[in-house]
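This report concerns only the one structure given below.
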Amino acid sequence: MRSRLLLVLRLALFLGCLLTAAAAGYHFSSRAGLATLRSDTLHDLELLASSVDATVTRYSHVPSAVGLNTEVLALLRTDDKQHTPHQESANRYLEQLNAFLGGLAIFVVDMRGQVVASSDWIYSDNLLGQDQRKRSYYLAASRGAPDRYYAVDEPRDEAGYFFAQPIRDETRDWKIVGVAVVKVGLAELERGWMQKEEPVLLADANGVVILSSVPDWKYTTIKPLSGEVAAEIQDTKQFAGHAIHPFPINILDDDDRPRLASFPDAPTLSGGRHLKVRDFLLESRRLPGTGWQLLTFADLRPARADAATHGALAAAATGCVILLALFLIQRRRTLRSRAEAQFLLERANAELEQNVAARTADLVAANDRLRAEVSERQRAEQTLRSAQDELVQAAKLAVLGQLATGITHELTQPLGALRTLSGNAIEFMRRGDDRTAQKNLQIIGELVDRMGEIIGPLKTYARKSPPHPQTVDVAHALGNALFLLDQKLRRAGVVVDNRCTKGSALAWCDQNRLEQVLVNLIGNAVDAMADAPRRQLRLEAGLGDLGRLLVRVIDSGAGISDDALSHIFEPFFTTKPAGVGLGLGLAISQDIVRDFGGDLTAANHPAGGAVFTLDLPTPVLPNT
């Protein structure tokens, strides 16, 4: 009991050391991996910030150029600005300038807050006549301060970033006469973010997400909106009626340390790509000049996987060190035990020498008994060898018996055909019809040759031999089989419905073997319909779903029982009376069909009777 308790304590101590090493390795690796991941994420964040800044600020000088155009100034000096030559010229100038720059729109607002000229004047949903009085960029620029502003155009539901600058008239002592506005699209940035494997978002100064690679995050707020800001957004229709929802998780505004973000559900990126990760490292950066905040989410799985690997390695290394220490301690104990054993052995050796003489007599007697046992075992071995030879001979006789019964079974039908043809030949010669008699004698010769080939399939049942496949017309093979069984079919009163026409079904197999199988199947079908009130044999051939040829032999007998169906292709299994069949025909037929890449199956037909299906390969035609 004490030793078992000591063993349990040692195992607990060993496991505690391993767990401590694993936890330490995981902790330090996790910290290092998190630092590396944060460094890489900050680098990516710098690149994204540069891309955003380049996209947004490259149009900031355009409003100044608009304010210098003479047509724009002339339009603003006119009291009635609608449908005037100055408005048309200003529209065309803004259209050309916008086409050159590639922005969304450039327009001019007078001091009443109405859009009097726009680059999109040619479109039906243009900005002409829109009221901009509540837009913050207009209010700031009309007071002389350039401004920037993100908003969604309500008529088009089109988001953009607006640059606004006051237009001053030098003829009126540089008085502000209007506001020039450039609308920049951010769709290019969003399309670029679609290729990233990790989520990215851009929030404005109020914390509302205006761009995101996760569509569900757009128009959410990463921090609570004050009542004043929410009212201003609703009053100015900054987001064109889009509802502002809270962000799925709480994001603390802290740039001094890495932040871990865990989502209840994995985000879905643009294009319907589903992420399998819910835990991220969150990094953010403020963009100068805009008050915007750029946030990126880095996948924590690689860092955690590396930490887990390093923890496992630390545990393995600690285990190796502990095992090495135990091995050295055990070795020291072994050497000490060996020295003690050597001392005891020397003492025992002295005692052994004293007992050698006394035991010599016992050894001699034991040697005599051993010789007697050896002789007895030699006789037993000779008897065993004789029994093995008899078993080998019995196995050979069993194989010869199977071949003999197979030959007897397979030669029965050709011999019957020979008997029929020879009788017909005698009758035709008596009638003087030498041509028909000669044809029958020729068929007899072919049957004699074919009887010599019957032994080949029987050999393949016991020992496989390579077939000689070729393109075979199944209709021709069926015709030969029906001819051989013509007398049997007539005596049994069987009506044959042969639906296989010449040239309609081609198989890749050995014709002689196929005819042998068909003769066996048709003969079995005739025997199965012996007691049936309606005796009809149907033969079909056609292509299956996989492009293979299916040949079916369907009878109108009583069908096959479930028990017989599970054993029907086993050797020496037969449903015929004793002395009628040996039970080898179907087994040999299935083996023949499988030799040239086919199969033979049996089932009960839905309309009654049994159906045997030959699944045969088809020849490969050229240019297919």
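I'd like to compare 530-536, 478-484, 335-341: which one has the highest average count of other Cβ atoms within 10 Å, and what's the full order after that?
Taking the mean over residues of other Cβ atoms within 10 Å, the ranking is 478-484, 530-536, 335-341.
Determine, for each peptide in 431-437, 28-34, 181-187, the mean count of other beta carbons within 10 angstrom over its residues, then list the peptides with the highest first.
Peptide ranking by packing, descending: 181-187, 28-34, 431-437.
Please give the length that would be gained between THR268 and THR78 if that part of the chain were fully extended, namely 0.36 nm times their separation in residues minus their C-alpha to C-alpha distance (nm, one decimal).
Length difference between fully extended and current span is 63.1 nm.
Mind pulling the angle between the C-alpha long axis of helix 474-484 and the longest principal axis of the chain? Nearest 10 degrees, somewhere in 0 to 90.
Value to nearest ten degrees: 20.
Taking the Cβ of VAL108 as the centre, find all other residues whose Cβ is under 15 Å away and add up their charges (Lys, Arg: +1; Asp, Glu: -1).
Result for the neighbourhood of VAL108: +1.
Where the eigenvalues come from the Cα gyration tensor of region 412-453, what are the semi-axes √(5λ) of the equivalent ellipsoid, largest first, in whole Å?
20, 11, 4
Calculate, for SER51 and THR20, the FRET efficiency according to 1/(1 + (r/R0)^6) with r their C-beta to C-beta distance and R0 60 Å; round to the nearest 0.05.
So, using R0 = 60 Å, E works out to roughly 0.80.
With the dipole of the chain worked out from charges on the C-beta (+1 for Lys and Arg, -1 for Asp and Glu) around the Cα centre, which of GLY557, TYR149, ASN349 lies farthest toward the positive end?
Going by the charge dipole, the pick is ASN349.
For labels at GLN438 and ARG491 in the simple 7 Å Cα→Cβ model, what's the distance in nm?
It works out to 3.1 nm between the two label points.
If each residue of separation counts as 0.36 nm, what is the full-extension length gain between ASP563 and GLU88 once their alpha-carbon separation is subtracted?
Fully extending the segment from ASP563 to GLU88 adds 161.4 nm.
Hey, rough spin-label estimate for LYS134 and LYS175, points 7 angstrom out along Cα→Cβ, what's it come to in nanometres?
About 2.9 nm separates the two model spin labels.
Under 16 Å from the 7 Å Cα→Cβ point of LEU313, by amide nitrogen: which residues of region 6-24?
21-24, by backbone N distance to the label point.
I'd like the FRET efficiency for ASP449 and ALA607, computed as 1/(1 + (r/R0)^6) with the beta carbon distance as r and R0 of 41 Å, rounded to 0.05.
0.55
What is the packing order of peptides 301-314, 94-107, taking the mean over residues of other C-beta atoms within 10 Å and listing the highest first?
Listed from highest to lowest mean packing, they are 94-107, 301-314.
For a paramagnetic label modelled at 7 Å from the Cα of LEU260 toward its Cβ, which residues of region 21-63 fall within the zone defined by backbone nitrogen distances under 12 Å?
Those under the cut-off are 27, 30-31, 34.
Computed from the coordinates I sent, P(r) over Cα pairs in 20 Å bins from 0, in percent equals one of (i) 13, 20, 11, 21, 23, 10, 2, 0; (ii) 18, 45, 24, 7, 4, 2, 0; (iii) 19, 55, 25, 1. Tell me the label.
Step by step, P(r) over Cα pairs in 20 Å bins from 0, in percent for this structure corresponds to label (i).
Restricting to bridges with both residues inside the chain, how much of the DSSP beta-bridge set is antiparallel, in percent to the nearest 5?
Once the DSSP bridges in the chain are tallied, antiparallel ones form about 90 percent.
Taking a ≥ b ≥ c as the square roots of the eigenvalues of the Cα gyration tensor of region 461-537, is the shape rounded (a/c under 1.5), prolate (a/b larger than b/c) or oblate?
oblate
With each label point set 7 Å from Cα along the Cα-Cβ vector, what nm distance links ASN250 and ARG431?
11.0 nm
Only the coordinates and a few stated rules stand behind these numbers; no lab work does. Computed from a prediction, not measured in an experiment: that's the story for all the values here. With ideal geometry, Cβ positions are generated from the backbone for all residues, glycine too; neighbour counts draw on all protein chains shown.
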